[in-house]
Every structure is written in C-alpha cells, then in structure tokens.
Amino acid sequence: MTLKKIITFFLLLGAVMTVSVDAFSQREQTIPRMDFETFEPWLNQDNDTVYVINFWATWCKPCIKELPEFEKLNATYENKNVRVILVSLDFPNKHEERLLPFVADRNLKSRVFHLTDVDANKWIDKVSPEWSGALPATIIYKGDTREFHEASMTYEQLKSIVEPKR
Amino acid sequence: MIFIFLMMMTGFTFAGGYELGDKADDFLLKNVDGTMISMSKYQDVKGFIVIFTCNHCPYSKAYEDRIIALDKKYKSEGFPVLAINPNDPEMVPEDSFENMKINAKEKGFTFPYLFDADQKVYPLYGATRTPHVFLLNKEEGDLIVRYIGAIDNNHTDASKVTESYLEDAVDALLEGGTPDPGYTKAIGCSIKNKASKK
C-alpha cells in the first residue's frame with residue numbers, strides 16, 4: 001500500500017467517524033425495535049401512571065400533524081403520572097433511513113418505540129378489538145380503565161381524557 | 001338516479017358497513033379509462049374481489065404487484081379484482097383521478113381502478129383503511145360479503161407471507177366452502193375525508 005493510499009484511508013476513516021458521532025449526538029433517545037410480544041406489557045401496566053400510547057408512522061400525514069399535540073401533553077405532564085409513548089409502525093426496513101432521522105429532526109421528547117411485527121392480524125385485536133388497523137390510533141389507560149380512539153386527537157381532547165384519570 | 005338515491009339511503013341507514021353474510025350493494029363509479037363501471041355489467045362472474053386502495057399509501061403501494069397477481073390468477077376463475085380509491089384528493093392530492101390514471105398506467109393495472117368521487121361507497125361497505133378487501137360471492141343473483149380484511153400477513157415482503165388470507169378465502173369459495181377466517185385485520189392508512197380534517 002502506498003503512503004498516499006494509507007493517508008486516504010485514514011482521512012476517510014476520520015470522516016466516517018465524524019459523521020457517526022454527529023448522528024449519534026443528535027439522537028437524544030435510542031429507539032428500540034420490538035415485536036408485539038416485547039411491546040405488549042406496555043399495554044398492561046398496572047400502576048398509578050396514565051399511559052397514552054399513540055400508533056403512528058412517519059409516512060402518515062394525519063399522524064405527523066397530531067404529533068405536536070402528544071409532545072405538548074408529554075411536556076405538560078413531565079415528571080407527573082402520565083407517560084406518552086409513540087409507537088411507530090414504519091416499515092421495519094425504514095428504521096435507519098426514515099424513523100431515526102425523523103425523530104432527531106423533530107427532536108421528539110416523548111418515548112418512541114418501533115413496532116416491527118408485520119403480522120398485524122395477530123396483534124391488532126390485542127391492542128383493542130375496536131381498532132380496524134387504520135392509523136393514527138391512540139389508547140389511553142390507567143390500570144383497568146381504558147379507552148381507544150381511531151382518529152386524530154388534539155391536546156385539549158387528550159387532556160380532557162387524561163386529567164380525570166390522574 | 002333512483003339507484004343512486006337508494007344506494008345513498010342504504011349508506012345512511014347502515015353507516016357501520018357490511019358484516020359477513022350481508023348483501024353488497026352495487027355501485028356506479030368512474031374507471032381510469034373514463035368508462036363507468038358497475039358490478040351488474042359483469043356477466044358470468046362468480047363474485048368480485050373489491051379492494052379499497054389508493055396511490056399515496058405505502059401499504060397500498062406495497063400491495064400493488066400482489067393485487068395485479070391476484071387479478072391475473074382469479075379473473076379467469078370468475079373473481080375479478082375491482083380496485084376503488086376512496087380518498088378525497090383535496091386532502092391527498094396524490095390520490096386525484098389524474099394521478100390514479102398515471103399510477104394505473106405505470107403499474108400496468110389489469111383491473112378497473114375506480115374513483116369513489118362522492119365518497120359514498122366506502123362508508124357503505126365499511127372500509128376504514130387502504131388497502132381493505134371485501135370479497136363478494138354471487139349467490140342466487142345476490143352478491144354476498146364472504147370475507148373482509150387483509151390480503152395476507154406480511155406487507156413488507158411477499159416472499160415471507162405465511163398466511164394468504166385473501167387467496168385462501170377465494171379458494172374456499174371456489175370449492176363451495178366458507179372462508180375461515182372471515183375477518184382479518186391489517187395496519188393501513190386511514191381513509192381521508194374532510195370530516196377527518198382537524
């Protein structure tokens with residue numbers, strides 16, 4: 001290997017490392033990929049917290065439009081007994097290409113999971129028998145009391161459901 | 001006109017959509033080739049594979065090739081595909097009639113691709129997402145809903161499908177049986193109408 005090639009190699013290596021460090025520092029949260037079995041306990045937590053679980057995807061326009069409403073809810077009830085979880089149903093192969101950059105760009109503060117279990121007929125009814133499978137969809141529960149919405153939601157709507165449960 | 005009026009009335013009466021065993025109403029919708037299509041115009045069919053789908057939805061896109069394959073496989077058996085775009089193009093410009101024509105041509109659709117311009121048909125059937133399948137079987141002159149749901153159980157990779165729900169359902173009807181399962185679910189894009197606009 002010539003000296004020139006060696007220098008080029010290290011320059012490229014340096015560039016690659018810089019890019020990955022930048023990408024990493026922008027990413028404020030790691031986004032776990034999970035199958036339904038791994039995710040399911042999040043639908044059945046039995047404690048004093050109100051769980052607000054929104055099913056969305058980066059390609060779903062009404063979902064993107066309502067994300068700020070969930071972010072506002074998350075910010076308002078930070079460190080209180082409300083937990084917002086955004087469950088992305090982006091295609092499994094879009095994790096790096098779309099989901100990670102999207103969450104970084106929007107600087108999403110709510111917890112994000114990537115549900116990559118494609119066999120949806122096996123698990124949609126376990127989320128809610130009321131769910132047809134259309135996005136967006138949201139489930140809000142505390143212990144045994146829960147409600148499901150297959151529709152876009154506003155902060156005021158979310159707040160009016162969350163407040164009485166707290 | 002009377003037919004359209006009756007269809008609207010039925011739509012308002014049964015807003016919840018069809019269940020298995022219900023008699024499906026006919027429709028009269030514009031195809032991408034400019035002709036008006038209704039199911040009553042088809043002679044010698046055993047039924048229809050009605051699929052609510054659209055241009056923009058990634059789930060619909062993922063299934064386009066599979067829908068073409070289904071039509072090729074089952075049209076000759078008496079179950080042609082009728083695809084219907086239920087979305088309001090004012091909400092999703094990509095789903096306009098002009099873009100439907102382009103998409104049908106580019107993908108080489110072998111089946112009618114109809115536009116539910118008045119958004120009356122999808123609520124009548126009870127479609128909530130794209131793609132959403134309603135399999136109709138001709139029984140004593142009526143079209144009876146025999147399967148509602150998904151095409152198969154892997155939208156991302158056709159080669160990894162382990163449950164071909166729709167094919168199994170059509171095969172069951174061709175053999176004189178009843179599809180089991182009759183209902184399945186899948187993730188999909190919500191159908192876009194002005195009422196859903198916030």
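Straight-line cross-link partners of residue B:30 among the aspartates and glutamates, defined as a Cα under 13 Å from its Cα and at least 8 positions apart when in the same chain: B:98, B:116, B:118.
Pairs from the table (A:94/B:72; A:126/B:61; B:41/B:107; B:75/B:138; A:61/A:126; B:160/B:192) lying more than 22 angstrom apart at Cα are A:94/B:72; A:126/B:61; B:41/B:107; A:61/A:126; B:160/B:192. Rounded to 0.05, the FRET efficiency of the residue A:144 and residue B:183 pair, given R0 = 25 Å and the Cβ-Cβ distance, is 0.40. Once amide H atoms are placed 1.01 Å from N in the peptide plane, what residues at a sequence separation of 5 or more from residue B:139, or on another chain, have their amide H within under 5 Å of its amide H? Correct list: B:144. Apply 1/(1 + (r/R0)^6) to the Cβ-Cβ distance of residue A:156 and residue A:35, taking R0 = 30 Å, and write down the FRET efficiency to the nearest 0.05. Once the sixth-power term is evaluated, E becomes 0.30. Residues whose amide H lies under 5 Å from that of residue A:55, counting only those 5 or more places away or on a different chain, are A:87, A:137, A:138, A:139; hydrogens are built 1.01 Å from N in the peptide plane. Listed from fewest to most Cβ neighbours within 10 Å, the set B:45, A:52 follows the order B:45, A:52. Pair-distance distribution P(r) for the stretch B:2-196, from all Cα-Cα distances in 5 Å bins starting at 0: 1, 8, 17, 22, 23, 17, 9, 2, 0, 0 percent. The calculated pair-distance distribution of the stretch B:85-198 uses every alpha carbon pair, bins of 5 angstrom beginning at 0, and gives 2, 10, 16, 19, 21, 17, 10, 4, 1, 0 percent.
Across the stretch B:21-29, rounded Karplus estimates of 3J(HN,Hα) from the backbone phi angles (6.51 cos²θ - 1.76 cosθ + 1.60, θ = phi - 60°) give x, 6, 7, 8, 7, 6, 9, 10, 10 Hz, Gly and Pro being marked x. Distances between placed amide hydrogens fall under 5 Å for residue A:83 paired with A:50, A:51, A:52, all partners being 5 or more residues away or on another chain. Each residue of the stretch B:132-147 is assigned a 3J(HN,Hα), and the resulting list reads 9, 9, 10, 9, 10, 10, 6, 9, 6, x, 9, 9, 9, 6, 10, 7 Hz, derived from the Karplus form 6.51 cos²θ - 1.76 cosθ + 1.60 (θ = phi - 60°), x at Gly and Pro. Measuring max minus min along each principal axis, the C-alpha atoms of the stretch A:60-148 give extents of 34, 32, 20 Å (largest first). Considering every alpha-carbon pair of the protein assembly as shown, the percent of pairs per 10 Å bin, from zero through the bin containing the longest distance, is 5, 22, 29, 22, 13, 6, 2, 1, 0.
Using alpha-carbon positions, what is the distance between the centroids of the stretch B:59-111 and the stretch A:33-101, in Å? Between the Cα centres of the stretch B:59-111 and the stretch A:33-101 lies a distance of 31 Å. For A:150, B:98, the sequence from fewest to most other C-beta atoms within 10 Å is B:98, A:150.
Converting phi to 3J(HN,Hα) with the Karplus coefficients 6.51, -1.76 and 1.60 and the offset θ = phi - 60°, the stretch B:38-52 yields 9, 5, 5, 6, 7, 9, 6, 9, 9, x, 9, 9, 8, 10, 7 Hz in sequence order, with x at every glycine or proline.
Residue exposure proxy: A:106, A:146, B:146, ordered by other Cβ atoms within 10 angstrom of their Cβ from fewest to most, comes out as A:106, A:146, B:146. Computing FRET efficiency as 1/(1 + (r/R0)^6) for residue A:81 and residue B:33, where r is the C-beta to C-beta distance and R0 is 41 Å, gives about 0.10. Scanning chain B for cysteines with no neighbouring cysteine C-beta under 4.7 angstrom from their C-beta gives B:54.
A short reminder: the numbers here are calculations on the coordinates, not readings from a lab. All of these numbers come straight from a predicted model, not from anything done at the bench. Methodologically, a virtual Cβ is constructed for each residue, glycine included, from the backbone with ideal geometry; neighbour enumeration extends over all protein chains shown.
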